[in-house]
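Chemist: Before anything else, here's the structure in question.
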Amino acid sequence: MRNSPDIARIASLVGDPARANMLTALMGGGALTASELALEAGVTVQTASSHLSKLLEGGLLSLAAQGRHRYYGLANAQVAAMLESIMGVAAAAGPKRVRPGPREAKMREARICYDHLAGDHAVAMLDGFLARNILSREGERIGMGEAGPSFFRAVGIEPDQLGKSRRPVCRACLDWSVRRSHLAGSLGAAIFDRIIAEKWARREAGSRAIIFSPPGRRAFEKSFLP
């Protein structure tokens with residue numbers, strides 16, 4: 001037996017269509033009940049519970065109890081990054097589909113990816129950070145550039161606070177709709193929190209799409225785009 005990670009086990013968990021739909025529904029960073037996830041997957045609650053048990057056992061989900069309800073969420077940002085990468089591969093290698101409609105256009109423009117911004121805006125933001133040496137990149141590794149600390153302090157984000165969590169400060173996350181990287185990690189989450197706190201954008205009900213108001217888009221571009 002080879003001494004390597006068991007890719008087949010994880011692939012089998014994600015590869016079931018019902019489980020894939022459940023995991024995708026949790027990419028918004030929230031937590032859902034078994035009944036809600038059953039609706040997302042198009043299966044009965046009993047069947048959903050069986051799938052959820054397998055995903056929990058496989059380490060892909062977390063479970064929290066609140067009163068009589070049990071809420072399921074993605075286990076961590078690493079699982080979210082894996083799913084986003086798989087979506088990118090599926091979009092590139094999968095069967096050709098009819099061009100997505102307006103709802104999908106919004107998702108391509110801006111959406112939440114677990115706890116950070118994804119889509120066209122997010123990819124443009126990372127490109128701008130790299131071009132201005134706010135962030136630096138070596139291969140797939142992203143770090144704080146020479147101009148980074150002063151830039152982020154100026155927009156209300158304290159870089160020294162970001163490194164206190166166990167997760168990376170900066171991480172490249174493959175964007176499934178653009179097939180290039182956007183910014184994840186604690187910095188990506190802090191920027192998304194700033195966008196929402198400033199009310200530059202809102203999350204569309206029942207979707208991962210993030211809708212910027214016209215003034216909010218201008219404020220976002222002034223703060224974070226070249």
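Chemist: Taking the conditions exactly as written (under 21 Å from the mean Cα position of the chain (by Cα) and either open to solvent by 70 Å² or more (accessible area, probe 1.4 Å) or at pLDDT 95 or above (or both)), does Pro102 satisfy them or not?
Modeler: Values: under 21 Å from the mean Cα position of the chain (by Cα): yes; either open to solvent by 70 Å² or more (accessible area, probe 1.4 Å) or at pLDDT 95 or above (or both): yes.
Considered against the rule, which asks whether it is under 21 Å from the mean Cα position of the chain (by Cα) and either open to solvent by 70 Å² or more (accessible area, probe 1.4 Å) or at pLDDT 95 or above (or both), Pro102 comes out as yes.
Chemist: Considering the stretch 202-226 alone, what residues qualify as being buried (at least 22 other Cβ atoms within 10 Å of the Cβ) and farther than 27 Å from Arg141 by Cβ?
Modeler: If the condition is that a residue be buried (at least 22 other Cβ atoms within 10 Å of the Cβ) and farther than 27 Å from Arg141 by Cβ, then Ala209 is the only one that fits.
Chemist: Additional query: Looking at the stretch 114-143 only, could you name the residues that are buried (at least 19 other Cβ atoms within 10 Å of the Cβ) and without any contact (Cβ under 8 Å) to a residue 40 or more places away in the chain? Full working, then the answer.
Modeler: Within the stretch 114-143, the subset buried (at least 19 other Cβ atoms within 10 Å of the Cβ) is 114-119, 121-123, 125-126, 129, 134-135, 142.
Of everything in the stretch 114-143, just one residue is buried (at least 19 other Cβ atoms within 10 Å of the Cβ) and without any contact (Cβ under 8 Å) to a residue 40 or more places away in the chain, namely Ile134.
Chemist: Another question about this same structure. Identify the residue in the stretch 148-161 that is in contact with a strand residue (DSSP E or B) (Cβ under 9 Å, 6 or more places away or on another chain) and over 13 Å from Ser136 (Cβ atoms) and, among all such residues, is surrounded by the most Cβ atoms within 10 Å (Cβ to Cβ). Break it down stepwise before answering.
Modeler: Applying the first criterion (in contact with a strand residue (DSSP E or B) (Cβ under 9 Å, 6 or more places away or on another chain)) to the stretch 148-161 yields 148, 152, 159.
Still in the running and over 13 Å from Ser136 (Cβ atoms): 152, 159.
Values: Phe152: 22, Pro159: 17.
For the stretch 148-161, the residue satisfying everything is Phe152.
Chemist: If you check Ala184, Ala197, Ala189, which single one turns out to be within 20 Å of the chain's Cα centre (by Cα), more than 24 Å from Ala105 (Cβ to Cβ) and open to solvent by less than 20 Å² (accessible area, probe 1.4 Å)? Spell out the reasoning first.
Modeler: Working: Ala184 fails: more than 24 Å from Ala105 (Cβ to Cβ); Ala197 fails: open to solvent by less than 20 Å² (accessible area, probe 1.4 Å).
Being within 20 Å of the chain's Cα centre (by Cα), more than 24 Å from Ala105 (Cβ to Cβ) and open to solvent by less than 20 Å² (accessible area, probe 1.4 Å) holds for just one of Ala184, Ala197, Ala189, which is Ala189.
Chemist: Taking Glu140 as the residue in question, decide whether it is at pLDDT below 95, under 22 Å from Gly29 (Cα atoms) and among the charged types (D, E, K, R).
Modeler: Values: at pLDDT below 95: yes; under 22 Å from Gly29 (Cα atoms): no; among the charged types (D, E, K, R): yes.
No.
The values are calculated or read from the model by the stated rules, or taken from the named source; none is laboratory data. Quick caveat: nothing in here was measured; it's all calculated off a predicted structure. All Cβ positions, glycine included, derive from the backbone under ideal geometry; neighbour counts span all protein chains shown. Accessible surface is based on the protein model in full, side chains and every heavy atom, while ligands, DNA and RNA are left aside. Shrake-Rupley method; radii C 1.70, N 1.55, O 1.52, S 1.80 Å.
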